[in-house]
Amino acid sequence: MIEEMLFQILTLFPEMFNGPLESSIMKRAQEKKIIELRYVNYREFTTDKHHCVDDTPYGGGSGMVLKPEPIFRCLNAVKKDTPPGRVVLLTPQGKVFKQKMARELAKEQHLILICGHYEGFDERIRTYVDLELSIGDYVLTGGELAAMVVADAVTRLLPGVLGASDSAEYDSFTENLLDYPQYTRPVEFEGQRVPDILLSGHHKMIEEWRREQAILRTAERRPDLLKEEQLSEEELAFLCRKRNLTEEL
Ligand code: ADE
(Lines give C-alpha, C1' and ligand atoms only; values in the text may rest on other atoms or scores of the structure.)
Protein backbone atom coordinates (compact mmCIF):
# COMPACT_ATOMS: atom_id res chain seq x y z
CA MET A 1 0.00 0.00 0.00
CA ILE A 2 1.22 3.52 -0.82
CA GLU A 3 1.69 5.68 2.27
CA GLU A 4 -0.35 8.85 2.54
CA MET A 5 1.75 11.95 1.79
CA LEU A 6 1.81 14.34 4.73
CA PHE A 7 1.91 18.12 4.25
CA GLN A 8 2.46 20.13 7.41
CA ILE A 9 1.91 23.82 6.83
CA LEU A 10 3.41 26.20 9.37
CA THR A 11 1.45 29.44 9.20
CA LEU A 12 0.08 32.33 11.25
CA PHE A 13 -3.14 32.16 9.18
CA PRO A 14 -4.39 28.56 8.93
CA GLU A 15 -7.88 29.79 7.96
CA MET A 16 -6.53 31.05 4.62
CA PHE A 17 -6.24 27.46 3.40
CA ASN A 18 -9.89 26.51 3.93
CA GLY A 19 -11.22 27.47 0.50
CA PRO A 20 -8.53 26.35 -1.94
CA LEU A 21 -7.37 23.17 -0.22
CA GLU A 22 -10.77 22.05 1.08
CA SER A 23 -12.57 21.99 -2.29
CA SER A 24 -12.53 20.00 -5.50
CA ILE A 25 -9.57 17.72 -6.22
CA MET A 26 -7.58 18.68 -3.12
CA LYS A 27 -10.56 17.80 -0.94
CA ARG A 28 -10.99 14.49 -2.74
CA ALA A 29 -7.29 13.64 -2.39
CA GLN A 30 -7.69 14.00 1.38
CA GLU A 31 -10.89 11.98 1.48
CA LYS A 32 -9.17 9.23 -0.52
CA LYS A 33 -6.29 9.32 1.98
CA ILE A 34 -3.72 10.09 -0.70
CA ILE A 35 -2.64 13.19 1.21
CA GLU A 36 -3.04 14.51 4.72
CA LEU A 37 -2.88 18.26 5.36
CA ARG A 38 -2.05 19.60 8.81
CA TYR A 39 -1.96 23.29 9.63
CA VAL A 40 0.15 24.40 12.55
CA ASN A 41 0.15 27.96 13.86
CA TYR A 42 3.62 28.84 15.11
CA ARG A 43 2.15 31.62 17.25
CA GLU A 44 1.25 28.77 19.60
CA PHE A 45 4.98 28.17 20.08
CA THR A 46 5.69 31.61 21.54
CA THR A 47 6.46 31.78 25.27
CA ASP A 48 5.83 35.47 26.03
CA LYS A 49 2.61 36.90 27.40
CA HIS A 50 1.71 38.72 24.15
CA HIS A 51 2.46 35.75 21.85
CA CYS A 52 4.82 37.86 19.77
CA VAL A 53 6.12 36.24 16.59
CA ASP A 54 8.08 39.24 15.27
CA ASP A 55 10.36 42.03 16.41
CA THR A 56 12.16 45.08 15.03
CA PRO A 57 15.26 44.49 12.90
CA TYR A 58 18.74 44.83 14.38
CA GLY A 59 20.52 47.66 12.61
CA GLY A 60 17.27 49.59 12.22
CA GLY A 61 15.01 50.02 9.23
CA SER A 62 11.31 49.69 8.60
CA GLY A 63 9.16 46.60 9.00
CA MET A 64 9.40 43.69 11.36
CA VAL A 65 11.30 40.40 11.28
CA LEU A 66 9.89 36.98 12.21
CA LYS A 67 11.68 35.73 15.32
CA PRO A 68 13.52 32.42 15.01
CA GLU A 69 12.38 30.72 18.24
CA PRO A 70 8.64 30.12 17.54
CA ILE A 71 9.36 28.65 14.10
CA PHE A 72 12.26 26.58 15.49
CA ARG A 73 10.12 25.14 18.29
CA CYS A 74 7.22 24.52 15.93
CA LEU A 75 9.53 22.71 13.49
CA ASN A 76 10.81 20.42 16.23
CA ALA A 77 7.25 19.65 17.31
CA VAL A 78 5.97 18.77 13.83
CA LYS A 79 8.99 16.55 13.15
CA LYS A 80 8.16 14.37 16.16
CA ASP A 81 6.51 11.06 15.27
CA THR A 82 6.30 11.90 11.56
CA PRO A 83 8.19 10.37 8.61
CA PRO A 84 11.40 12.10 7.49
CA GLY A 85 10.56 14.98 5.20
CA ARG A 86 11.82 18.07 3.46
CA VAL A 87 11.55 21.47 5.10
CA VAL A 88 10.57 24.11 2.55
CA LEU A 89 10.59 27.86 3.18
CA LEU A 90 8.32 29.92 0.91
CA THR A 91 10.05 33.17 0.03
CA PRO A 92 10.49 35.40 -3.03
CA GLN A 93 14.23 34.78 -2.60
CA GLY A 94 13.86 31.05 -3.23
CA LYS A 95 14.46 28.94 -6.31
CA VAL A 96 11.60 29.47 -8.78
CA PHE A 97 9.09 26.60 -8.47
CA LYS A 98 8.64 24.69 -11.74
CA GLN A 99 7.00 21.43 -12.82
CA LYS A 100 10.32 19.58 -12.48
CA MET A 101 10.48 20.53 -8.80
CA ALA A 102 6.82 19.50 -8.35
CA ARG A 103 7.76 16.05 -9.70
CA GLU A 104 10.76 15.86 -7.39
CA LEU A 105 8.71 16.84 -4.32
CA ALA A 106 5.97 14.33 -5.24
CA LYS A 107 8.48 11.58 -4.38
CA GLU A 108 8.63 12.70 -0.74
CA GLN A 109 6.50 11.22 1.98
CA HIS A 110 6.39 14.37 4.08
CA LEU A 111 6.73 18.08 3.29
CA ILE A 112 6.91 20.86 5.85
CA LEU A 113 6.00 24.21 4.29
CA ILE A 114 6.88 27.32 6.27
CA CYS A 115 4.94 30.50 5.46
CA GLY A 116 6.07 33.93 6.56
CA HIS A 117 3.75 36.90 6.62
CA TYR A 118 4.21 40.64 6.00
CA GLU A 119 7.89 40.51 6.71
CA GLY A 120 11.15 38.63 6.43
CA PHE A 121 12.48 35.75 8.50
CA ASP A 122 15.37 36.03 10.91
CA GLU A 123 18.26 34.72 8.81
CA ARG A 124 19.12 32.00 11.35
CA ILE A 125 15.95 30.04 10.61
CA ARG A 126 17.45 29.17 7.23
CA THR A 127 19.82 26.74 9.00
CA TYR A 128 16.82 24.43 9.55
CA VAL A 129 15.48 24.61 6.01
CA ASP A 130 16.28 22.17 3.16
CA LEU A 131 14.87 24.19 0.29
CA GLU A 132 13.67 27.74 -0.36
CA LEU A 133 10.99 28.16 -3.02
CA SER A 134 9.48 31.17 -4.77
CA ILE A 135 6.39 30.80 -6.97
CA GLY A 136 7.44 33.71 -9.18
CA ASP A 137 9.13 37.06 -9.38
CA TYR A 138 6.60 39.10 -7.47
CA VAL A 139 6.05 39.71 -3.78
CA LEU A 140 2.96 38.35 -2.03
CA THR A 141 1.73 39.45 1.39
CA GLY A 142 2.78 36.07 2.72
CA GLY A 143 3.93 32.55 1.87
CA GLU A 144 0.44 31.03 2.27
CA LEU A 145 -0.65 31.38 -1.36
CA ALA A 146 2.73 29.99 -2.44
CA ALA A 147 2.33 27.00 -0.10
CA MET A 148 -1.10 26.31 -1.60
CA VAL A 149 0.37 26.42 -5.10
CA VAL A 150 3.12 23.97 -4.16
CA ALA A 151 0.75 21.60 -2.32
CA ASP A 152 -1.69 21.64 -5.26
CA ALA A 153 0.92 21.11 -7.99
CA VAL A 154 2.53 18.24 -6.05
CA THR A 155 -0.75 16.55 -5.08
CA ARG A 156 -2.11 16.31 -8.62
CA LEU A 157 0.97 14.26 -9.57
CA LEU A 158 0.30 11.57 -6.95
CA PRO A 159 -1.18 8.28 -8.19
CA GLY A 160 -4.98 8.15 -7.90
CA VAL A 161 -5.54 11.92 -7.62
CA LEU A 162 -6.49 12.58 -11.25
CA GLY A 163 -8.66 10.25 -13.28
CA ALA A 164 -7.02 8.30 -16.13
CA SER A 165 -8.52 10.66 -18.71
CA ASP A 166 -6.91 13.78 -17.27
CA SER A 167 -3.73 12.04 -16.24
CA ALA A 168 -0.86 14.34 -15.34
CA GLU A 169 1.53 12.39 -17.57
CA TYR A 170 0.62 14.20 -20.77
CA ASP A 171 0.40 17.73 -19.41
CA SER A 172 1.95 20.76 -20.98
CA PHE A 173 5.28 21.39 -19.32
CA THR A 174 5.92 17.72 -18.66
CA GLU A 175 7.10 17.69 -22.26
CA ASN A 176 8.16 21.35 -22.30
CA LEU A 177 5.35 22.15 -24.71
CA LEU A 178 2.27 24.26 -24.10
CA ASP A 179 -1.12 22.65 -24.70
CA TYR A 180 -2.52 22.40 -28.23
CA PRO A 181 -5.86 24.16 -28.95
CA GLN A 182 -8.90 22.22 -27.70
CA TYR A 183 -12.50 22.34 -28.92
CA THR A 184 -15.80 20.83 -27.89
CA ARG A 185 -19.37 21.13 -29.21
CA PRO A 186 -20.79 23.03 -31.07
CA VAL A 187 -18.94 22.57 -34.39
CA GLU A 188 -19.63 26.21 -35.21
CA PHE A 189 -19.74 29.00 -32.63
CA GLU A 190 -20.26 32.65 -33.62
CA GLY A 191 -18.92 31.93 -37.08
CA GLN A 192 -15.82 30.08 -35.79
CA ARG A 193 -15.56 26.47 -36.92
CA VAL A 194 -13.70 23.62 -35.23
CA PRO A 195 -10.73 22.71 -37.50
CA ASP A 196 -11.81 20.00 -39.97
CA ILE A 197 -8.97 17.70 -39.01
CA LEU A 198 -10.48 17.19 -35.53
CA LEU A 199 -13.75 16.01 -37.09
CA SER A 200 -12.00 13.64 -39.52
CA GLY A 201 -11.72 10.70 -37.12
CA HIS A 202 -8.17 10.16 -38.41
CA HIS A 203 -6.38 9.57 -35.11
CA LYS A 204 -2.80 9.58 -36.40
CA MET A 205 -3.28 12.84 -38.32
CA ILE A 206 -5.02 14.42 -35.34
CA GLU A 207 -2.09 13.48 -33.12
CA GLU A 208 0.38 15.01 -35.60
CA TRP A 209 -1.71 18.18 -35.91
CA ARG A 210 -1.89 18.54 -32.13
CA ARG A 211 1.86 18.20 -31.72
CA GLU A 212 2.47 20.75 -34.51
CA GLN A 213 0.04 23.17 -32.89
CA ALA A 214 1.69 22.69 -29.51
CA ILE A 215 5.11 23.39 -31.05
CA LEU A 216 3.83 26.49 -32.87
CA ARG A 217 2.14 27.85 -29.77
CA THR A 218 5.23 27.24 -27.66
CA ALA A 219 7.47 28.90 -30.28
CA GLU A 220 5.22 31.97 -30.28
CA ARG A 221 4.55 32.30 -26.57
CA ARG A 222 7.37 30.56 -24.71
CA PRO A 223 10.42 30.12 -26.96
CA ASP A 224 12.47 29.58 -23.78
CA LEU A 225 10.64 26.27 -23.19
CA LEU A 226 11.15 25.05 -26.74
CA LYS A 227 14.90 24.93 -26.22
CA GLU A 228 14.34 22.08 -23.77
CA GLU A 229 12.26 20.00 -26.17
CA GLN A 230 13.77 17.49 -28.61
CA LEU A 231 12.24 18.32 -31.99
CA SER A 232 12.52 15.93 -34.95
CA GLU A 233 14.00 17.11 -38.29
CA GLU A 234 10.48 17.26 -39.76
CA GLU A 235 9.19 19.28 -36.83
CA LEU A 236 12.08 21.74 -37.12
CA ALA A 237 11.45 22.08 -40.87
CA PHE A 238 7.73 22.64 -40.19
CA LEU A 239 8.52 25.37 -37.68
CA CYS A 240 10.94 27.10 -40.07
CA ARG A 241 8.32 27.02 -42.86
CA LYS A 242 5.69 28.52 -40.58
CA ARG A 243 8.08 31.17 -39.32
CA ASN A 244 9.09 32.20 -42.84
CA LEU A 245 5.41 32.36 -43.77
CA THR A 246 4.51 34.67 -40.92
CA GLU A 247 7.54 36.88 -41.62
CA GLU A 248 6.43 37.24 -45.26
CA LEU A 249 2.90 38.28 -44.30
N1 ADE B 1 6.23 35.09 -0.12
C2 ADE B 1 6.03 36.32 -0.63
N3 ADE B 1 6.14 36.31 -1.96
C4 ADE B 1 6.43 35.03 -2.34
C5 ADE B 1 6.67 34.38 -3.58
N6 ADE B 1 6.65 35.04 -4.73
N7 ADE B 1 6.93 33.07 -3.56
C8 ADE B 1 6.97 32.39 -2.39
N9 ADE B 1 6.76 32.94 -1.19
C10 ADE B 1 6.49 34.25 -1.16
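The values are calculated or read from the model by the stated rules, or taken from the named source; none is laboratory data. Fair warning: this is a prediction, and the values are worked out from it, not measured in the lab. All Cβ positions, even for glycine, are placed from backbone atoms using ideal geometry, and neighbour counts span all protein chains on display. Ligands, DNA and RNA are excluded from the accessible area calculation, which covers all protein heavy atoms including side chains. Shrake-Rupley method; radii C 1.70, N 1.55, O 1.52, S 1.80 Å.
Below is a table of values for the structure above.
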item	result
Vicinal HN-Hα couplings computed from phi for the stretch 19-31 (Karplus, 6.51 cos²θ - 1.76 cosθ + 1.60; Hz; Gly/Pro x)	x, x, 9, 10, 10, 6, 5, 5, 5, 4, 4, 6, 4
The stretch 55-152: trypsin sites (Lys or Arg not before Pro) in DSSP loop, at most 14 other beta carbons within 10 Å	80, 98, 107
Residue-level accessible surface for residue 56, protein heavy atoms, 1.4 Å, Å²	90
Rounded FRET efficiency, nearest 0.05, which uses the C-beta distance separating residue 228 from residue 204 and R0 of 25 Å	0.45
Cα centroid of the stretch 206-222 to Cα centroid of the stretch 29-51, whole Å	44
Förster-model FRET efficiency, 22 Å R0, residue 217 and residue 23, C-beta, rounded to 0.05	0.15
Per-residue ³J(HN,Hα) for the stretch 134-143, Karplus 6.51 cos²θ - 1.76 cosθ + 1.60, θ = phi - 60°, Hz, x for Gly and Pro	10, 8, x, 7, 7, 10, 8, 6, x, x
The stretch 69-151: chymotrypsin sites (Phe, Trp or Tyr not before Pro) in DSSP coil with no more than 16 other Cβ atoms inside 10 Å	118, 138
Members of 49/80; 32/95; 80/107; 98/204; 33/107 lying beyond 24 Å, as alpha-carbon distances in this model show	49/80; 32/95; 98/204
Cα gyration tensor category, rounded, prolate or oblate, for the stretch 59-154 with a/c compared to 1.5	oblate
Degrees separating the helix 68-79 axis from the principal Cα axis of the chain, which is the longest one	70
